[in-house]
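The values are calculated or read from the model by the stated rules, or taken from the named source; none is laboratory data. If you're wondering where the values come from, they're calculated on a predicted model, not measured in any experiment. Every residue, glycine as well, gets a Cβ built from its backbone with ideal geometry; the counts of neighbours run over all protein chains shown.
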Amino acid sequence: TPTIGVLALQGDVREHVHALEQAGARATTVRRRSELESVDGLVLPGGESTTIDKLLRIFELDEPLRAAVKDGLPVYGSCAGMILLADRIEAGIEGQRTIGGMDVTVRRNAFGRQVDSFEADLDVAGISDAPGGEPVRTVFIRAPWIEEAGPEVEILARIPSHATDGSPVAVGAGKIVAARQGRLLATSFHPEITGDARVHALFVSLVRHSGPHEL
Ligand code: GLN
């Protein structure tokens, strides 16, 4: 059973711990370098990317995390976590940095005011296209989207034209909201709050098949 850490500086840590356990992993929180070094994979939760960026630097976890990503640590970033995994960021605040690793440009708070938060049933490659697979119920909360993705990035999901309640999605239809590059997985949405652990299960299997990374 792989041990998967959840970065626990800010954000919805507990929900990810729970979803990882539901998906069959051992879950633990990560706040220090020694804890980072002891996990087989890491989740960067949703929250506020500017705050998490600051705390990463204060806790001196930013450089160790960058090094771990380079050395092949599997990482799943959700929402603010997706922003942290992006090589480039649009609408960030002055001085905001990311950890990087994914050859994508993300746009923060991309959906704008009117649709700050909404739910949608999404087709996610590797999940809803499995035999008997259903679309994934997803929640978007002041979410980013991927504006641009490099050639190594596998696109797993795009925004549909309608939300679950039938209302049209005003902006963002067709935008990339789930992607994978090697051992890095990112989603704009929060799968950890719907009780559907299939995205976490996808990450757990990515960790299982990654073998030991070097730190
Ligand atoms: N808007 C937040 C940010 O820019 C992300 C929101 C979330 O993680 N739910 O960091």
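Here are some notes:
- Complete set of residues in segment 8-36 that are assigned to a loop (DSSP other than H, G, I, E, B), within 25 Å of Ala143 (Cα to Cα) and either in contact with a His (Cβ under 7 Å, 6 or more places away or on another chain) or not small (Gly, Ala, Ser) (or both): Leu9, Gln10, Asp12, Ala23, Arg31
- Enumeration of residues in segment 95-145 that are within 14 Å of the ligand (Cβ to nearest atom) and charged (D, E, K, R): Arg97, Arg107, Arg108, Arg113, Asp116, Glu119, Arg142
- Residue count, segment 29-64 (criterion: within 24 Å of Pro2 (Cβ to Cβ) and in contact with a strand residue (DSSP E or B) (Cβ under 9 Å, 6 or more places away or on another chain)): 17
- In segment 30-72, of all residues being small (Gly, Ala, Ser) and in contact (Cβ under 8 Å) with a residue 24 or more places away in the chain, the one that is farthest from Arg97 (Cα to Cα) corresponds to Ser38.
- Any hit, segment 160-168, residues being of a type in the set (Val, Ile, Thr) and modelled with pLDDT of 95 or more: no
- Selection within segment 87-99 - closer than 12 Å to Leu56 by Cβ and either of a type in the set (Gly, Ala, Ser) or crowded, with 20+ Cβ neighbours inside 10 Å (or both): Thr98, Ile99
- Selection from segment 152-174 of residues that are more than 12 Å from Phe189 (Cβ to Cβ), out of contact with any Asp or Glu (no Cβ under 8 Å at 6 or more places or on another chain) and in a loop (DSSP other than H, G, I, E, B): Ser161, Gly166, Ser167, Val169, Ala170, Val171, Ala173, Gly174
- Listed here are the strands (runs of 3 or more DSSP E) enclosed by segment 37-127 that have at least 3 residues being within 30 Å of His162 (Cβ to Cβ): 75-78, 86-90, 102-107, 117-122.
- The residues listed here are Leu20, Leu84, Leu73, Leu44; of these, the one that is away from the ligand (no atom under 16 Å from the Cβ), within 29 Å of Asp116 (Cα to Cα), crowded, with 24+ Cβ neighbours inside 10 Å and of a type outside the set (Gly, Ala, Ser) is Leu20.
- Checked against (1) within 16 Å of the ligand (Cβ to nearest atom); (2) in a strand (DSSP E or B), Glu192 passes all but a single condition, namely (2).
- Condition met for Thr51 (within 16 Å of the ligand (Cβ to nearest atom) and either at pLDDT 95 or above or closer than 20 Å to Ile155 by Cα (or both)): yes
- Pick from segment 1-17, criterion farther than 15 Å from Gly81 by Cβ and among the β-branched types (Val, Ile, Thr), ranking: farthest from the ligand (Cβ to nearest atom): Thr1
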